[in-house]
Amino acid sequence: FDRLGAHNVFKDVYDSLTPAALLGNLLFLEGFTAVPPFGSNTPLWSVAFEFWYYLWFAALALAARRRFSLPLAALALATLSPRLASGFLVWLVGSMLYYADRRYRARPAPAYGKRCLIGGMLALVGALIAARLHWFPEPVADLLVGVAFAALLWGLLRSELRFPQGIFPLFSRYGAGASFSLYIIHYPLINFALAAAGQRQRYQPGLGSLAEIGLLCAWSIVAGWLFSRATEAHTGRLRSFLKRRRRKEGQPG
């Protein structure tokens with residue numbers, strides 16, 4: 001049932017704490033090669049996938065302008081894993097949504113946005129049902145879910161929905177500034193907390209269990225924010241530095 005190890009830790013974590021595993025994770029090879037995600041941090045496989053997708057997209061964009069670059073050779077990694085290759089198609093759906101939204105900024109008629117939103121919701125429900133019941137092979141099902149979710153997001157972008165103020169801006173600011181850090185560290189943090197507390201079985205329904213789970217979530221959210229202060233909070237500064245270096249190198253000596 002849990003083939004990704006996201007619900008239970010079945011493996012010996014010590015086998016994933018080797019120098020070879022660390023090096024492989026630093027090179028973003030975990031998840032589609034023999035390199036396991038480092039330690040108990042199973043979600044790291046998706047970070048590796050996304051790294052190569054960003055690299056592939058940039059290389060293909062340059063190739064479309066007849067500017068071939070060495071990173072284009074990294075597309076050969078797709079031959080190592082059908083899952084890695086098919087996931088790139090799903091990732092491209094999100095990219096197409098971003099560029100479509102930038103291109104069509106004009107506010108459409110409210111009826112159009114409403115139809116898109118309802119159509120996207122129905123499409124996503126249908127795609128999720130088809131994926132859960134295994135009506136299609138996994139790569140096809142993943143792509144259908146990705147396209148349907150993009151349709152739902154397009155409907156949200158084209159509609160005139162207004163979300164209430166108050167706590168929502170706080171969530172959005174946290175998501176924009178610390179969600180990636182939270183994703184990177186939450187799983188080993190929760191595993192550590194449960195192991196330190198001696199938790200060996202699944203939680204049973206009850207107020208006490210809900211309270212403990214709430215505390216775990218709150219602790220992870222705070223830890224993710226603190227971690228982001230030393231990492232992704234400086235993304236803009238790093239981007240500006242790289243842009244200055246690029247402009248400086250492009251100037252004649």
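Overview of results
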| quantity | calculated |
| --- | --- |
| Among the candidates R83, R115, R132, residue that is open to solvent by less than 80 Å² (accessible area, probe 1.4 Å), at pLDDT 85 or above and not aliphatic (A, V, I, L, M) | R83 |
| Test: L22 is at pLDDT 90 or above, over 21 Å from S179 (Cβ atoms) and assigned to a loop (DSSP other than H, G, I, E, B) | no |
| Scope the stretch 165-209; condition surrounded by fewer than 13 Cβ atoms within 10 Å (Cβ to Cβ), part of a helix (DSSP H, G or I) and not basic (K, R); matching residues | F168, P169, L170, F171, S172, G175, A176, F192, A196, L207, G208, S209 |
| Only one of V145, V90 that is in a helix (DSSP H, G or I) and touching an Asp or Glu at 6+ places or on another chain (Cβ under 8 Å) | V90 |
| Cβ pairs under 9 Å, 6+ apart, first in the stretch 114-125 and farther than 14 Å from V147 by Cβ, second open to solvent by 40 Å² or more (accessible area, probe 1.4 Å) and aromatic (F, W, Y) | L117/W154 |
| Residues of the stretch 97-107 satisfying the condition of being surrounded by 13 or more Cβ atoms within 10 Å (Cβ to Cβ) and among the aliphatic types (A, V, I, L, M) | L97 |
| Filtered residues of the stretch 64-73 (kept if in a helix (DSSP H, G or I) and exposed (fewer than 15 other Cβ atoms within 10 Å of the Cβ)) | A64, L70, A73 |
| Residue check, S159 modelled with pLDDT under 85, more than 28 Å from N25 (Cβ to Cβ) and out of contact with any Cys (no Cβ under 9 Å at 6 or more places or on another chain) | no |
| Options E160, E212: the member that is closer than 30 Å to Y112 by Cα and open to solvent by 50 Å² or more (accessible area, probe 1.4 Å) | E160 |
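The values are calculated or read from the model by the stated rules, or taken from the named source; none is laboratory data. Remember, it's a predicted structure, so these values are computed and weren't measured experimentally. In this analysis, Cβ positions are derived from the backbone assuming ideal geometry, glycine residues included, and neighbour counts consider all displayed protein chains. All accessible areas refer to the heavy atoms of the entire protein, side chains included, with ligands and DNA or RNA removed. Shrake-Rupley method; radii C 1.70, N 1.55, O 1.52, S 1.80 Å.
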